[in-house]
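Since the structure comes first, as structure tokens, the remarks are kept for the end.
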Amino acid sequence: MSAKQLAKKLEQQFKEIVSGPMEFRGELTLCVSNASRIAEVCQFAKSQLGFDYLVDLTTIDNDDETPRWTAVYHIYGYGHFRHLRLKTSVSEEVSELPTVSSVWRTANWHEREAYDMMGIRFAGHPDLRRILMWEGYPYFPLRKDFPLAGKPSEMPDVAFSDPAPLEGGPFVTVAGGKDSIEREPRVRNQGG
């Protein structure tokens, strides 16, 4: 069965909340209009359609748009070698989605990262705590309203007390140059 046929089955099962599939560059995306039912849609995709692997769960900050966030679930079936993408949106007022960690155990870490970096909560998650930033950190670094230069920390023993500089760091490429090798940060440190 093709990815398009699998997507159509998912759409037929959840006619009232799933639209699509939209195709772009050979990749299929289904939109789930009711975010509170995303776990139900994912469970069906796994148990009935063979999407047994959650490749990734990412989030998009739409900033001034409503709803503010989009959650994107990249799923794959090892039995049929097909990929599918599910998208759902959540508003800033709600900023909560049901967990899919009971569907795919790998969702545990993906959801923790989405919470840590974007501030989206996952209802029913078994251990929703920060995974990259320290507990008590008051900001969500991947939100568009977070400044690129960072924010000062009030915990100097735990992290930087000043914003981390972007210019001239060891991993910052240099603009211009005739090719990518010349822009490579490590070239600057070779004295040549």
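The values are calculated or read from the model by the stated rules, or taken from the named source; none is laboratory data. Computed from a predicted model, the values in this text were never measured in an experiment. Glycine also receives a Cβ, built like all others from the backbone with ideal geometry; neighbour counts cover every protein chain displayed.
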(request) Determine which single condition Glu11 fails, assuming it passes every other condition in (1) at pLDDT 95 or above; (2) of a type in the set (Asp, Glu); (3) in a strand (DSSP E or B). (result) (3)
(message) Cβ-Cβ distance below 8 Å, separation of 6 or more or different chains: which pairs start in region 111-130 with a residue that is outside the structural domain of Glu92 (by TED's automatic domain parsing) and end on one that is assigned to a loop (DSSP other than H, G, I, E, B) and surrounded by 21 or more Cβ atoms within 10 Å (Cβ to Cβ)?
(response) none
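Determine whether Lys46 is of a type in the set (Lys, Arg) and either over 20 Å from the mean Cα position of the chain (by Cα) or within 20 Å of Arg121 (Cβ to Cβ) (or both).
Details: of a type in the set (Lys, Arg): yes; either over 20 Å from the mean Cα position of the chain (by Cα) or within 20 Å of Arg121 (Cβ to Cβ) (or both): no.
For Lys46, the condition - of a type in the set (Lys, Arg) and either over 20 Å from the mean Cα position of the chain (by Cα) or within 20 Å of Arg121 (Cβ to Cβ) (or both) - is not met.
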(request) Filter region 22-49 down to residues that are outside any strand (DSSP E or B), touching a Leu at 6+ places or on another chain (Cβ under 8 Å) and free of Cβ contacts under 8 Å to residues at least 60 places away in the same chain and give me whichever is farthest from Thr70 (Cα to Cα). (result) Leu49
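With respect to Leu10, is the statement that it is more than 28 Å from Leu132 (Cβ to Cβ), surrounded by 15 or more Cβ atoms within 10 Å (Cβ to Cβ) and more than 18 Å from the chain's Cα centre (by Cα) true? It would help to see each step written out before you state the result.
On the way: more than 28 Å from Leu132 (Cβ to Cβ): yes; surrounded by 15 or more Cβ atoms within 10 Å (Cβ to Cβ): yes; more than 18 Å from the chain's Cα centre (by Cα): yes.
Taking the combined requirement at face value, the residue satisfies it.
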(message) Looking at region 89-125 only, could you name the residues that are polar (S, T, N, Q), surrounded by fewer than 18 Cβ atoms within 10 Å (Cβ to Cβ) and within 27 Å of Asp64 (Cβ to Cβ)?
(response) Ser91, Ser95
(request) Could you check how many residues of region 51-69 are in contact with a Leu (Cβ under 8 Å, 6 or more places away or on another chain) and either surrounded by fewer than 21 Cβ atoms within 10 Å (Cβ to Cβ) or not assigned by TED's automatic domain parsing to the domain that holds Thr99 (or both)? (result) 1
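Quick one: which residue in Ala114, Ala107 is at pLDDT 95 or above, out of contact with any helix residue (DSSP H, G or I) (no Cβ under 9 Å at 6 or more places or on another chain) and of a type in the set (Gly, Ala, Ser)? Quick ask: steps written out before the conclusion?
Details: Ala107 fails: out of contact with any helix residue (DSSP H, G or I) (no Cβ under 9 Å at 6 or more places or on another chain).
Result: Ala114 is the single residue among Ala114, Ala107 that is at pLDDT 95 or above, out of contact with any helix residue (DSSP H, G or I) (no Cβ under 9 Å at 6 or more places or on another chain) and of a type in the set (Gly, Ala, Ser).
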